[in-house]
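What follows is one structure encoded as structure tokens, with my remarks underneath.
The values are calculated or read from the model by the stated rules, or taken from the named source; none is laboratory data. No experiment lies behind these values; they were computed from the predicted model shown. FYI the Cβ positions are ideal-geometry reconstructions off the backbone, even for glycines, and counts take in every protein chain you see. Note: accessible area is taken over every heavy atom of the protein model, side chains too, but ligands, DNA and RNA are not part of it. Shrake-Rupley method; radii C 1.70, N 1.55, O 1.52, S 1.80 Å.
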Amino acid sequence: MNRLLYHLVAFLVVAVWGTTFVFTKLLLIAGLTPAQIFVLRFVVAYILLLAYSATRHSFRLLSSSWKDELLMVGLGVTGGSLYFLTENSAMNYTTTTNTSLIVCLCPLFAALLIAMFYRSERLHGLQIVGTVMAAVGVVVVVLNGHFVLHLSPLGDTLAFVACLCWALYSLLLIPVNKRYSTLFITRKVFFYGLLSMIPYFLIWPERPSLSLLLRPDILMNLLFLSCVASMLCYLLWNWAIKKLGAVVATNYVYFNPVVTVVFAWIILSERITIFFIIGTLLILVGMFLCNRVRK
């Protein structure tokens, strides 16, 4: 029963992340930049987490060693600033299809990367078949019957960097999850994600107008991205990785485009095609095979 709960949490987190494209797109259309959106959502999330942490008896500011603190810096960059900047910037140079396809294949790269460092996390037999099948399902869902990709070296490279960032984030979580609480790790991710954005704003200073931020629609979107998609989802995701293992939990990213298409169908009345159904079935069967062996 407990393990079923861990899988359900991982799926729900990915489900929420699959809906955030609509809210982010609305903020971009309103005039906010990718960097501003990232900083605003992480600032709110960090302040809330810091306030909550300060009320607990186990509150701490620093890790037990400078090596662990460096790992926290790495988590903040790979799971925060660099990931969001490369993913959002990729869509300025390549299509959304290319970006989604490349970024959502990160479980494959995460599995390969983690296998290089942790023998216990390696996939075997049906698990390999399952994760490849799920990856094929992602390709079918994202392409949606349009089997033509418009290559853009810069945009596709940025999307691939975002993909590698999330794979590295999954790898770095493994050692720190053994020594620190999920709350402490998540707070550090937000802190160093924000801190590492300072060089960016020194080079490209930009500030959103207060009147724009106080618009009810903008404010509600930012609160959702900050409190739910950032603070709550990062806490739950880091917890799910601790319980399920990095490889199994990261495989749920394959469901991201599925949720995105369903959400677009509900909100934007976009069409569900036979390719979406086939791709979704491939992902479901692939995930079943991958998780069936790993108890």
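Worth pointing out:
- Ranked order, HIS7, HIS124 - accessible area, probe 1.4 Å, largest first: HIS124, HIS7
- Under the span-like rule (Cα at least 27 Å along the axis, Kyte-Doolittle mean at least -0.5), DSSP H helices of the chain: 2-30, 34-54, 153-177, 274-293
- Tally of Lys pairs whose C-alpha atoms are under 23 Å apart, taken over the chain, 8 or more apart or cross-chain: 11
- On the chain, 72 percent of the accessible area sits on carbon and sulfur atoms, based on a 1.4 Å probe.
- Of LYS67, LYS188, LYS178, the order by accessible heavy-atom surface (1.4 Å probe, DNA, RNA and ligands excluded), from most exposed downward, is LYS178, LYS67, LYS188.
- Per residue value of the accessible surface for region 184-295 (all protein chains in place, 1.4 Å probe), Å²: 49 Å²
- Solvent-accessible area of ILE274 with every protein chain in place, 1.4 Å probe, in Å² to the nearest 10: 100 Å²
- Extents of the chain, taken as max minus min of Cα coordinates on every principal axis and listed largest first, are 45, 42, 36 Å.
- Annotation note: trypsin sites (Lys or Arg not before Pro) in region 2-63 located in DSSP loop regions with a Cβ neighbour count of at most 12 within 10 Å are ARG56, ARG60.
- Pairwise centroid distance, computed over Cα atoms, of region 1-46 with region 157-176, Å: 17 Å
- Global geometry of region 5-94, whether rounded, prolate or oblate, following the gyration tensor of its Cα atoms and the 1.5 cut on a/c: prolate
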